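J.: Got a structure for you, questions after.
The values are calculated or read from the model by the stated rules, or taken from the named source; none is laboratory data. Because the structure is predicted, anything quoted here is derived from the model rather than measured. With ideal geometry, Cβ positions are generated from the backbone for all residues, glycine too; neighbour counts draw on all protein chains shown. For accessibility, only protein heavy atoms count, side chains too; no ligands or nucleic acids. Shrake-Rupley method; radii C 1.70, N 1.55, O 1.52, S 1.80 Å.
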Amino acid sequence: MGGLSTIRAKTTGGSHPVEDQVNPAQLNRITWYASTGWTKPYPGDSRVLAPNEVPCRDNPPQELGD
């Protein structure tokens, strides 16, 4: 991986990103923010969060469940 792919993996896959896996907590927020124009916080958050601020962001996807 390189370039933009590396950035995406590092910001959405926790500390040890693997291709084709994503941290659900971050993916859910990306989907939410994109669908609300990045103006509304994800339900339960007090504000729009950067990828490095998402709770459980460093947990590997397999540890988080569905």
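J.: Pairs under 7 Å by beta carbon, first residue touching a residue at least 40 places away in the same chain (Cβ under 8 Å) in segment 40-51, partner open to solvent by less than 80 Å² (accessible area, probe 1.4 Å), six or more apart or different chains?
T.: Sorted first by the residue in segment 40-51, then by its partner, the pairs are Pro51/Thr11; Pro51/Thr12; Pro51/Gln26.
Yes/no per residue for (1) in a loop (DSSP other than H, G, I, E, B); (2) aromatic (Phe, Trp, Tyr); (3) at pLDDT below 90:
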position	(1), (2), (3)
Gln21	yes, no, yes
Ala25	no, no, yes
Thr31	no, no, no
Gly37	yes, no, no
Tyr42	yes, yes, no
Asn52	no, no, yes
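J.: Looking only at segment 57-66, count how many residues are at pLDDT 65 or above and open to solvent by less than 70 Å² (accessible area, probe 1.4 Å).
T.: Result for segment 57-66: 2.
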